[in-house]
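A short worksheet on the structure shown next.
The values are calculated or read from the model by the stated rules, or taken from the named source; none is laboratory data. Just so it is clear, the model here is predicted, and its values are computed rather than measured. Here the Cβ is made from the backbone with ideal geometry for all residues, glycine too, and neighbour counts use every protein chain on show. To get the accessible areas, we keep the full protein, side chains included, count just its heavy atoms, and leave off ligands, DNA and RNA. Shrake-Rupley method; radii C 1.70, N 1.55, O 1.52, S 1.80 Å.
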Amino acid sequence: QVHLVESGGGLVQAGGSLRLSCAASGSIFSFNVMGWYRQAPGKQRELVATITSRGSTNYADSVKGRFTISRDNNKNTVLLQMNSLKPEDTAVYYCNYFAASRTSWGQGTQVTVSS
């Protein structure tokens, strides 16, 4: 079992920046994929960005060029730097861990972007 704890959400004006952090603990496989998903009210949860333990990244088209995902394997943390935020980025952001056919989710952190 892997436990994920997120931090860094909040309220920001359009054009501003926020950084989300997720710390993983527990039985962590050396090769894994960590990432961020988000869910806006009335919408399905969607992928934002993922990064493998080897550093390969994947981004949703809607955030390319604005968001950057990174990780520190020694600390089992993953960061999401969000720049040029838009009101449509408003959602609950969830950290995700996937390895060996198992997935874990964080509790979610609210990001609200005002226009």
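Just to confirm my filter: which strands (runs of 3 or more DSSP E) fall fully inside the range 1-66 and include at least 2 residues that are farther than 26 Å from S115 by Cβ?
Per the criteria, 2-7, 18-26, 33-39, 46-52, 57-59.
Which residues, taken from the range 6-22, are more than 11 Å from the chain's Cα centre (by Cα) and either open to solvent by 40 Å² or more (accessible area, probe 1.4 Å) or of a type in the set (V, I, T) (or both)?
Hits for the range 6-22 are L11, V12, Q13, A14, G15, S17.
Count, please, the residues in the range 56-72 that happen to be touching a Ser or Thr at 6+ places or on another chain (Cβ under 6 Å) and open to solvent by 70 Å² or more (accessible area, probe 1.4 Å).
Residues that pass the stated criteria total 1.
One residue is enough: does the range 20-28 have a residue meeting the conditions at pLDDT below 95 and more than 15 Å from N96 (Cβ to Cβ)?
yes
Could you tell me whether R45 is modelled with pLDDT of 95 or more, among the charged types (D, E, K, R) and open to solvent by 50 Å² or more (accessible area, probe 1.4 Å)?
yes
Scan the range 82-90 and give yes if some residue there is assigned to a strand (DSSP E or B) and either at positive phi or open to solvent by 10 Å² or more (accessible area, probe 1.4 Å) (or both), otherwise no.
No: the range 82-90 contains no residue that is assigned to a strand (DSSP E or B) and either at positive phi or open to solvent by 10 Å² or more (accessible area, probe 1.4 Å) (or both).
Condition first: among the acidic types (D, E) and either touching a Ser or Thr at 6+ places or on another chain (Cβ under 8 Å) or touching a residue at least 60 places away in the same chain (Cβ under 8 Å) (or both). Can you find one or more residues in the range 76-88 that meet it?
yes
Just to be sure, is D61 without any contact (Cβ under 8 Å) to a residue 24 or more places away in the chain, within 25 Å of G26 (Cβ to Cβ) and not polar (S, T, N, Q)?
Against the criterion (without any contact (Cβ under 8 Å) to a residue 24 or more places away in the chain, within 25 Å of G26 (Cβ to Cβ) and not polar (S, T, N, Q)), D61 does not qualify.
Among the residues of the range 91-115 satisfying the criterion of being of a type outside the set (A, V, I, L, M) and on the phi > 0 side of the Ramachandran plot, which is surrounded by the fewest Cβ atoms within 10 Å (Cβ to Cβ)?
In this case the residue turns out to be S101.
Got a sec? Which of S53, S30 is more than 11 Å from the chain's Cα centre (by Cα) and exposed (fewer than 13 other Cβ atoms within 10 Å of the Cβ)?
Answer to the selection: S30.
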